[in-house]
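The values are calculated or read from the model by the stated rules, or taken from the named source; none is laboratory data. Every value quoted in this text rests on a predicted model; they were computed, and no experiment measured them. Here the Cβ positions follow ideal geometry from the backbone for every residue, glycine too, while neighbour counts run over all protein chains shown. For accessibility, only protein heavy atoms count, side chains too; no ligands or nucleic acids. Shrake-Rupley method; radii C 1.70, N 1.55, O 1.52, S 1.80 Å.
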Amino acid sequence: MTSRIVILGGGTGGTLTANRLRRLYGADEAAITVVDQDDRHVYQPGLLFVPFGLAHTDDIVRPRARQLHEGIEFIESAIDHVDIEAGEVRLGNGVTLGYDVLVVATGARLVPEETEGLLGPAWMDSVFTFYTPEGAAALGAALATFDRGRLVVNVVDMPIKCPVAPLEFCFLADWYFTERGIRDRVQITYATPLDGAFTKPIAAAQLGGMLNARGIEIVTEFNTGEVVPGGRLTGYDGREVQFDLAVVIPLHGGATYVGRSPGLGDELDFVPTDEHTLQSKAASNIFVIGDAANVPASKAGSVTHFEGETLVDNVRRFLTGEPLEAGFDGHANCFIETGFHKALLIDFNYDTEPVPGHYPSPVGLPLLKESRLNHLGKLLFQSVYWHGLLPGRDLPGLGSNMPTAGKHLPVPEKD
Amino acid sequence: MPNATVAGITVDRNDEGFFTDPNQWTEAMAPELARSEGIDELTDDHWRVLKFMRSEYAQKGTGPTVRVLGKTSGVSIKELYQLFPKGPAKTAAKIAGIPKPRGCI
């Protein structure tokens, strides 16, 4: 019998899942359909480089359908809702798709409208985001003519995609204004809702020190309440941060159809998901990959890639009636661009925070330490993304589970 | 792990002052915990939030973030900051005797 597998979302998670499943199943075993509202697949890590003129939006966008292997149906349509009881997806174009297994891969959505004043007159004038191709390009134009004043980088609240990207933006801004010879005329401030530069203590101390060394001010536990015309962020606690140019990472939520699908999502429209099996809590035949899930891992492409193996294996197990495997360990791996042709690498999972050492083994890329090799790794990754990761290949030497061999792990505290 | 005595009872808390075992908490401890967070008197509105924090923790295994509190508790984020000026999610979690809200990674 042919199983009907419907994948909602044709981004990183949806594409690599579809391609892995297509390799696993013959055409008579499974019909695989991918739905997305548009045909623009954005290489999101590239957005960081656009404002500094280091990449162009045309270079980082490709058609979604072309990333899918032969024998995968692609439907370009909005999604109205999922009817969990009926096992159906109702599309915006009126079509209803029945499924035996549903994979939710619709990622996270920016919700700037939830922050008072953010979409006011200053939006795309002195207040920008680089989290969309249009925003990144417009910010590039604004940066090019910015020659003195206060640049503020602000994360409104967590969760956000790629939690290190705003820090990378700060480091690159420091490099960019240094190269232009005007670093002394630009003040850079990083305003974050976290109590440090990062969520995990060892990396937070290292990255906080790096901000400090570059003369970048950090304002912690700042919860943005309002963007006030005239160049001010006001916090809910009454604190204010003045800016001439603000780079804001807006609030994130899940896709809107999740909210219209009874029983599927949480209050932010992310889908409650078992963090190890990647099966949704909503129904046994719904699985979730990538940013759409509420699992306590970073919303990042590397996490999505590492989830792929477990997810596809568990879809297979579900269809044959085998027990699922709790295989995903929360593995994340992020290059952090630090400017001046260097980058730092962090590698961690649910249980182990980023620590120094080398990845993936004692001979490898340095962890939590700036190096040129990591910068080259970051640049090379774009090609790996299109040609290795999206096709759903296991990347040689890089297993899904977090390696410990090269890590300098702290001695565990005794309770 | 540091111990603390609250309302005459020894409880386990982490370095930041969050309870590690919510079962050790009783309502009688809340006023003393609130005072150490700079809140002199717990009003009905405070209690509404504290009870909400406890029930969310019981259901989901983590306390809500301030954004989720604002969406689901019936108290707006502005009001939450008036009630708990040092940060609603963390302060209310401490007073309600639950671990630090996991927030995000």
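For B:ARG48, state whether it is within 14 Å of another protein chain (Cβ to nearest Cβ), part of a helix (DSSP H, G or I) and of a type in the set (D, E, K, R).
no
Checking A:TYR190 against (1) more than 14 Å from chain B (Cβ to nearest Cβ); (2) within 22 Å of A:THR352 (Cβ to Cβ); (3) of a type in the set (Ser, Thr, Tyr): exactly one of these is not met. Which one?
Only one criterion in (1) more than 14 Å from chain B (Cβ to nearest Cβ); (2) within 22 Å of A:THR352 (Cβ to Cβ); (3) of a type in the set (Ser, Thr, Tyr) is unmet by A:TYR190, namely (2).
Quick one: count up the residues across region A:140-165 that are more than 14 Å from chain B (Cβ to nearest Cβ), within 22 Å of A:THR234 (Cα to Cα) and open to solvent by less than 60 Å² (accessible area, probe 1.4 Å).
5
Please specify each residue of region A:221-232 satisfying the condition of being surrounded by fewer than 20 Cβ atoms within 10 Å (Cβ to Cβ) and within 11 Å of chain B (Cβ to nearest Cβ).
Once the filter is applied, which keeps residues that are surrounded by fewer than 20 Cβ atoms within 10 Å (Cβ to Cβ) and within 11 Å of chain B (Cβ to nearest Cβ), region A:221-232 yields A:GLU221, A:GLU226.
Looking at region A:333-365, which of its residues are crowded, with 23+ Cβ neighbours inside 10 Å and not aromatic (Phe, Trp, Tyr)?
Within region A:333-365, A:ASN333, A:CYS334, A:ILE336, A:GLU337, A:THR338, A:ALA343, A:LEU344, A:LEU345, A:ILE346, A:ASP347, A:PRO354 qualify.
Yes or no, residue by residue, for (1) modelled with pLDDT of 95 or more; (2) out of contact with any helix residue (DSSP H, G or I) (no Cβ under 8 Å at 6 or more places or on another chain); (3) crowded, with 21+ Cβ neighbours inside 10 Å; (4) of a type outside the set (Gly, Ala, Ser):
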| site | (1), (2), (3), (4) |
| --- | --- |
| A:ARG180 | yes, yes, no, yes |
| A:LYS200 | no, yes, no, yes |
| A:ALA203 | no, yes, yes, no |
| A:ARG214 | yes, no, no, yes |
| A:THR234 | yes, yes, no, yes |
| A:ALA255 | yes, no, yes, no |
| A:GLY263 | yes, yes, no, no |
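Taking only region A:55-69 into account, find how many residues are farther than 14 Å from A:PRO133 by Cβ, without any contact (Cβ under 8 Å) to a residue 40 or more places away in the chain and outside any strand (DSSP E or B).
Final tally of qualifying residues: 1.
Just one of (1) open to solvent by 20 Å² or more (accessible area, probe 1.4 Å); (2) modelled with pLDDT of 95 or more trips up B:THR62, so point out which.
With (1) open to solvent by 20 Å² or more (accessible area, probe 1.4 Å); (2) modelled with pLDDT of 95 or more applied to B:THR62, the lone miss is (2).
Within the group A:ALA326, A:ALA332, which residue is within 14 Å of chain B (Cβ to nearest Cβ) and touching a Ser or Thr at 6+ places or on another chain (Cβ under 7 Å)?
A:ALA332
Among the residues in region A:132-139, are any open to solvent by 20 Å² or more (accessible area, probe 1.4 Å), modelled with pLDDT of 95 or more, in contact with a Pro (Cβ under 7 Å, 6 or more places away or on another chain) and farther than 30 Å from A:GLN279 by Cβ?
Taking every residue of region A:132-139 in turn, none turns out to be open to solvent by 20 Å² or more (accessible area, probe 1.4 Å), modelled with pLDDT of 95 or more, in contact with a Pro (Cβ under 7 Å, 6 or more places away or on another chain) and farther than 30 Å from A:GLN279 by Cβ.
Test of understanding: among A:ALA30, A:ALA65, A:ALA86, which residue is surrounded by 14 or more Cβ atoms within 10 Å (Cβ to Cβ), modelled with pLDDT of 95 or more and more than 26 Å from the chain's Cα centre (by Cα)?
A:ALA30
Which of the residues that make up region A:338-371 are in contact with a His (Cβ under 7 Å, 6 or more places away or on another chain) and away from every other protein chain (no Cβ under 14 Å)?
Once the filter is applied, which keeps residues that are in contact with a His (Cβ under 7 Å, 6 or more places away or on another chain) and away from every other protein chain (no Cβ under 14 Å), region A:338-371 yields A:HIS341, A:LYS342, A:ALA343, A:VAL355, A:PRO356, A:GLY357, A:GLY364, A:LEU365, A:PRO366, A:LEU367.
Just need a number here: residues in region B:66-90 that are within 24 Å of A:GLY265 (Cα to Cα), open to solvent by 20 Å² or more (accessible area, probe 1.4 Å), more than 7 Å from chain A (Cβ to nearest Cβ) and in a helix (DSSP H, G or I).
So the count comes out to 1.
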